[in-house]
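Colleague: One structure is given below, represented as structure tokens, and several questions about it will come after.
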Amino acid sequence: MLLVTGGLGYIGSHFAVVALQAGYEVLVLDNLSNSHANVKEKVEKITQKSLDFIEGDIRDEELLDDIFKQYSIEAVIHFAGLKAVAESVAKPLLYYDNNVSGSLSLLKAMQNNKVNKIIFSSSATVYGEPKYLPYDEQHPTNPINPYGYTKLHVEHMLRDICTADNAFAAITLRYFNPIGAHPSGLIGENPKDIPNNLMPYLIKVANSELPYLQVFGDDYETRDGTGERDYINVMDLVEGHLSAINYLVNAGFHVFNLGTGKGTTVLELVSAFETANNIVIEKKIKSRREGDLAKFWAKADLAKKELHWEATTSLLDSCRIVQ
Ligand code: NAD
Ligand code: WQD
């Protein structure tokens, strides 16, 4: 059985779908701080399989200990975490507590119960200001906000455990910009507040829940002056995790970028979104958003070579709103 922390969230719920479909038994631990309990039924509806769910917090070591004693967990897929960059700047301790202390509790409970395989959701944000592009896994890490530091701290904990225990296998997956949803339309990215990220914001504009898109800066050194990112389809992304599970037979600490290897500007994404959904998006050019990098995208070759995985969904398909 797989223990999936944060498994009712955006990426975790998509992972739960493909893991159940691949024949794994899945136990989700989620405190519902950024998700809804009804996602469990939605995942079950899509897969026609049952999803075990415990409402609880990864910082609760006693609960974790009980879980590892009660269930036979072969590996942990660790999605649970807070991810809003601006909030992490305003409330750094909340982020260190949730993301770093939470991961520490999880790792202690794993060690106490001799569970020694984990896949961790890290982020391209650990690289910081690009020294060169595309970012490969050797690019220096230099986060530019507390959220990024929490991800890097957890990576370091995993690296150090693997040094101390040569039977431990830890895979850090550095996601680029996940977008899209399961084709059923039942699950997807559904932030409770006004979205920070481009794609959920676009969807709210398309649904007339927000009046227009603010394009944060058109004077960057990119093709059209707007920010450039590597948008990866969420179904492709979670398939990458299935490949990573197979790779856990290799003890040690491993890092893989999960991206497409291609950069897309804000205006290019808006244009693809308009074509995919046959609509026109109202937009206004605004000043740059504080803390934004001009451009970055992944070198995705290592995951292809080692995990035998690559992103295959087109940008147009990723932009199509499913209902
Ligand atoms: P999400 O907020 O939709 O999902 C995270 C889930 O974890 C939520 O269901 C939340 O309730 C749960 N959670 C948070 N803290 C918890 C705690 N202490 N105990 C138990 N459950 C807890 O976010 P997501 O987009 O699905 O991201 C999943 C992971 O991937 C996160 O760790 C995030 O940092 C990382 N990541 C996300 C992106 C992205 O753009 N979405 C990019 C890179 C990395
Ligand atoms: C993409 C581009 C914006 C919103 C953040 C985190 C990162 C990662 C993903 C987890 C940029 C522009 C955006 C809008 C806009 N999360 N934009 N109008 O900034 O690459 O990454 O989320 O790890 O850590 O930093 O993603 O979707 O916010 O922005 O013009 O309303 O869209 O300026 O160029 P970002 P994003």
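The values are calculated or read from the model by the stated rules, or taken from the named source; none is laboratory data. The shown structure was predicted, so the numbers you read here are calculated from the model rather than taken from an experiment. Backbone-built Cβ (ideal geometry, glycine too); neighbour counts: all protein chains shown. What goes into the accessible areas is simple: the full protein's heavy atoms, side chains included, and nothing from ligands, DNA or RNA. Shrake-Rupley method; radii C 1.70, N 1.55, O 1.52, S 1.80 Å.
Colleague: What is the packing order of peptides 245-253, 21-29, taking the mean over residues of other C-beta atoms within 10 Å and listing the highest first?
Modeller: Numbers: 245-253: 14.1, 21-29: 18.8.
Top of the packing list down: 21-29, 245-253.
Colleague: Now a separate question. If you build the convex hull over the alpha carbons only and average its shadow over all orientations, what do you get for segment 254-323? Give it in nm² to one decimal.
Modeller: Details: hull surface 27.2 nm².
Directional mean of the projected Cα hull area for segment 254-323 stands at 6.8 nm².
Colleague: Quick query: amide H of Gly227 versus all other amide H atoms, modeled in the peptide plane; which residues come in under 5 Å with a sequence gap of 5 or more or a different chain?
Modeller: Val266
Colleague: Note down the net charge around Ile144, summing +1 for each Lys or Arg and -1 for each Asp or Glu among other residues with Cβ under 10 Å from its Cβ.
Modeller: Around Ile144, the surrounding residues sum to -2.
Colleague: Using only Cα atoms, what is the ratio of the radius of gyration of segment 1-127 to 2.2 N^0.38 Å?
Modeller: 1.03
Colleague: Which entries of Lys42/Lys108; Lys151/Lys284; Lys83/Lys204; Lys108/Lys151 show an alpha-carbon separation above 23 angstrom in the structure shown?
Modeller: In this structure, Lys42/Lys108; Lys151/Lys284 lie more than 23 Å apart at Cα.
Colleague: Taking N as the number of residues in segment 200-323, what value does Rg over Cα atoms divided by 2.2 N^0.38 Å take?
Modeller: 1.22
Colleague: Please work out the average accessible area per residue across segment 24-84, using the 1.4 Å probe convention, and give it in Å².
Modeller: Roughly 51 Å² per residue, with all protein chains present.
Colleague: What ³J(HN,Hα) values, in whole Hz, does the Karplus curve 6.51 cos²θ - 1.76 cosθ + 1.60 give for segment 291-299 when θ = phi - 60°, with x put for Gly and Pro?
Modeller: For segment 291-299, the Karplus-derived couplings read x, 7, 8, 5, 7, 6, 8, 8, 8 Hz, x marking Gly and Pro.
Colleague: Sticking with this one: Near the amide H of Ser123, under 5 Å away, which other amide H atoms are found, from residues 5 or more places off or on another chain, if H is placed in the peptide plane?
Modeller: Close amide H contacts, sequence-distant or interchain: Tyr175.
Colleague: Using packing as a proxy for protection, rank 95-103, 50-58 so that the peptide with the highest average count of other Cβ atoms within 10 Å comes first.
Modeller: Result, highest mean first: 95-103, 50-58.
Colleague: Solvent-accessible area per residue for segment 236-323 at a 1.4 Å probe radius, Å²?
Modeller: Roughly 52 Å² per residue, with all protein chains present.
Colleague: Here's something else I'd like to know. So who's got an amide H within less than 5 Å of the one on Ile179, skipping anything under 5 residues away but keeping other chains? H placed 1.01 Å off N, in plane.
Modeller: Answer set, sorted by chain and number: Ile232, Asn233, Val234.
Colleague: Which log10 I(q)/I(0) values does the chain give at q = 0.07 Å⁻¹ under the Debye formula, counting every alpha carbon as one identical point scatterer?
Modeller: Results for the chain at q = 0.07 Å⁻¹ read -0.26.
Colleague: Any idea what the dipole of segment 1-87 comes to, in debye rounded to 20, about its Cα centre with Lys/Arg Cβ at +1 and Asp/Glu Cβ at -1?
Modeller: Rounded to the nearest 20 debye, it is 460 debye.
Colleague: A further question follows. Kirkwood hydrodynamic radius, computed over distinct alpha-carbon pairs, for segment 77-176: how many Å, to one decimal?
Modeller: 14.0 Å
Colleague: Just from its helices, what would the mean residue ellipticity at 222 nm be for the chain, if runs of 4 or more DSSP H residues each count -39500 (n - 2.57) and the sum is divided by every residue, rounded to the nearest 500 deg cm²/dmol? Don't jump to the answer; show the numbers that get you there.
Modeller: Working: 11 runs with 111 residues, N = 323.
Counting only the DSSP helices, I get -10000 deg cm²/dmol.
Colleague: Please name whichever of Leu106, Val28, Leu242 sits farthest to the positive end of the charge dipole of the chain, dipole taken about the Cα centre and charges placed at Cβ: Lys and Arg +1, Asp and Glu -1.
Modeller: Of the candidates, Leu242 comes out farthest on the positive side.
Colleague: Can you compute the modelled spin-label distance between Asn196 and Ser50, with each label point 7 Å from Cα toward Cβ, in nm?
Modeller: 3.8 nm
Colleague: In addition: Which distance in nm do the two modelled labels at Asn278 and His308 give, with both placed 7 Å along the Cα-to-Cβ direction?
Modeller: In this crude label model, Asn278 to His308 measures out at 4.0 nm.
Colleague: Then there's this: Can you check what the net charge comes to around Gln214, using other residues whose Cβ is under 9 Å from the Cβ of Gln214 (Lys, Arg +1; Asp, Glu -1)? Display every interim value, and only then the final one.
Modeller: Details: positive: Lys283, Lys284, Lys286, Arg289; negative: none.
Once positives and negatives cancel, what remains is +4.
Colleague: Then there is this: Could you do me a favour and compute the accessible area per residue for segment 86-219, 1.4 Å probe, result in Å²?
Modeller: It amounts to 45 Å² per residue over segment 86-219.
Colleague: While we're looking at this one, here's another question. Excluding Ile179 itself, calculate the net charge of residues whose Cβ lies under 12 Å from the Cβ of Ile179, where each Lys or Arg counts +1 and each Asp or Glu counts -1.
Modeller: After counting each charged neighbour, the total is -2.
Colleague: What's the extension gain from Asn113 to His156 if we count 0.36 nm per residue and subtract their Cα-Cα distance?
Modeller: 13.4 nm
Colleague: Here's something else I'd like to know. If each residue of separation counts as 0.36 nm, what is the full-extension length gain between Tyr212 and Ile285 once their alpha-carbon separation is subtracted?
Modeller: Stretched out fully, the Tyr212 to Ile285 stretch lengthens by 25.3 nm.
Colleague: Still on this structure, please answer the following. Rounded to two decimals, what is Rg over Rh for segment 2-76 when you use alpha-carbon atoms and the Kirkwood radius?
Modeller: 0.94
Colleague: Of all accessible surface on the chain at a 1.4 Å probe, what whole percent is carbon and sulfur?
Modeller: Of all accessible area on the chain, carbon and sulfur atoms account for 48 percent.
Colleague: Kirkwood Rh over alpha-carbon pairs of segment 191-272, then Stokes-Einstein at 4 °C and 1.567 mPa s: what D in µm² s⁻¹, rounded to an integer?
Modeller: 85 µm²/s
Colleague: In whole Hz, with x marking every Gly and Pro, tabulate ³J(HN,Hα) for segment 81-98 from phi via Karplus 6.51 cos²θ - 1.76 cosθ + 1.60, θ = phi - 60°.
Modeller: Each residue's phi maps through the Karplus curve to give x, 9, 9, 8, 4, 5, 5, 5, 6, 6, 10, x, 5, 4, 6, 5, 5, 5 Hz.
Colleague: While we're here: Compute the label zone of Ala251 within segment 163-179: residues whose backbone N is under 12 Å from the point 7 Å along Cα-to-Cβ.
Modeller: It comes to 163-170, nothing else.
Colleague: Then there is this: When the dipole is taken about the Cα centre of the chain, and only Lys, Arg (+1) and Asp, Glu (-1) are charged at their Cβ, what size is it in debye, to the nearest 20?
Modeller: Roughly 300 debye, rounded to the nearest 20.
Colleague: Compare the peptides 160-173, 122-135, 203-216 by average per-residue count of other Cβ atoms within 10 angstrom and give them in order, highest first. Don't skip to the answer; put the middle values down first.
Modeller: Numbers: 160-173: 17.2, 122-135: 19.3, 203-216: 15.4.
Averaged packing, sorted descending, gives the order 122-135, 160-173, 203-216.
Colleague: Could you work out the relative contact order of the chain? I mean the mean sequence separation of Cα pairs under 8 Å and 6+ apart, divided by the number of residues, in percent.
Modeller: Relative contact order of the chain: 18 percent.
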